[in-house]
Amino acid sequence: MDYWHIKNKGLFDSFKLEINKNYPTLVVSIADNLVYIKGTIRIKDDKNIVLDSFQIEIKVPYNFPQEIPEVRETGNKIPLNKDRHLDEQNGIACLCFKDEVFLFWSEKSTITDFMKIFVEPFFLWQIEYEVSGGQNKDKAYAHGQDGALQFYKEILNIDDKKAVYKFVEYLTKKKIKGHWNCYCGSGQKMRDCHFDLMKKYKGQIRTKDAKKTFDSFKQVFNKTK
Ligand SMILES: [Zn+2]
Ligand SMILES: [Zn+2]
């Protein structure tokens, strides 16, 4: 396998420097050819006051930055369940709905970007959850299928499930064609309707992620038909 930190030594060097500089309470290490970041993360508010800190373990995938790392909270401070967006079995934090990742992430993103975009907001949300007794629940998409639907309804600004299914189905295609009927159900060809929006998200949401989502939609759709 092509391990990113071996193949791209320059990138790994700057990765280590960034963590040392920006997160001195975290340590970079390697085990079984994978890069890990372990230690304490301090979560601050917008006035730079530390609100709380968490023990974390970040596992960087072999093909970073094509894929984002996995994050676990290792101090048993947060219960593992769907409401808290931590997987009950493997403890992995669901930092972001997978189809949404590449709206914020690209292969040029750095580990500091990862911390700022995904990790810090995740733990800040956990602190807010604790303080408010879960009142901030709706600020994150629900876990799983419902969250997927929420996400697509929001980005399309549409409340129609069928339109969402159609849109995601189009995202699974290799190429989007302007002469297809628009996903929104207007009866118009896409090039005369929502083609720009379609193309925008086709460029940001990976086909493989859309395929997984579409499969999960299909299962539910077939059951409720
Ligand atoms: Zn989740
Ligand atoms: Zn349309």
>> Considering only residues that are within 14 Å of ligand 2 (Cβ to nearest atom) and touching a Lys or Arg at 6+ places or on another chain (Cβ under 7 Å), which ones fall in segment 160-179?
In response: V164, I176, G178, H179
> Do we have any residue at all in segment 129-141 that's assigned to a helix (DSSP H, G or I), crowded, with 16+ Cβ neighbours inside 10 Å and among the small types (G, A, S)?
Replying inline: no
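Listed here are the residues, each with its yes/no results for (1) in a loop (DSSP other than H, G, I, E, B); (2) among the small types (G, A, S).
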site: L11; (1), (2): no, no
site: G39; (1), (2): no, yes
site: I43; (1), (2): no, no
site: N48; (1), (2): yes, no
site: S53; (1), (2): no, yes
site: N76; (1), (2): yes, no
site: L80; (1), (2): yes, no
site: L103; (1), (2): no, no
site: F118; (1), (2): no, no
> Hey, any hits in segment 31-41 for a residue that's loosely packed, with under 13 Cβ neighbours inside 10 Å, among the charged types (D, E, K, R) and in contact (Cβ under 8 Å) with a residue 60 or more places away in the chain?
Replying inline: no
> Residues in segment 179-206 that are under 16 Å from F102 (Cβ atoms) and assigned to a loop (DSSP other than H, G, I, E, B): how many?
Replying inline: 4
> From K153, K175, K189, K161, which residue is touching a helix residue (DSSP H, G or I) at 6+ places or on another chain (Cβ under 9 Å) and touching a residue at least 12 places away in the same chain (Cβ under 8 Å)?
Replying inline: K161
> Which is within 24 Å of K212 (Cα to Cα) and more than 16 Å from ligand 2 (Cβ to nearest atom), of P79, P69, P24?
Replying inline: P69
> In the list I176, I155, which residue meets the criterion of being touching a Phe, Trp or Tyr at 6+ places or on another chain (Cβ under 8 Å), β-branched (V, I, T) and not in a helix (DSSP H, G or I)?
Replying inline: I176
> In segment 132-145, which residues are charged (D, E, K, R) and modelled with pLDDT of 90 or more?
Replying inline: K137
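The values are calculated or read from the model by the stated rules, or taken from the named source; none is laboratory data. Please read all numbers here as calculations on a predicted model, not as lab measurements. Note that we place each Cβ from the backbone using ideal geometry, even for glycine, and neighbour counts take in every protein chain shown.
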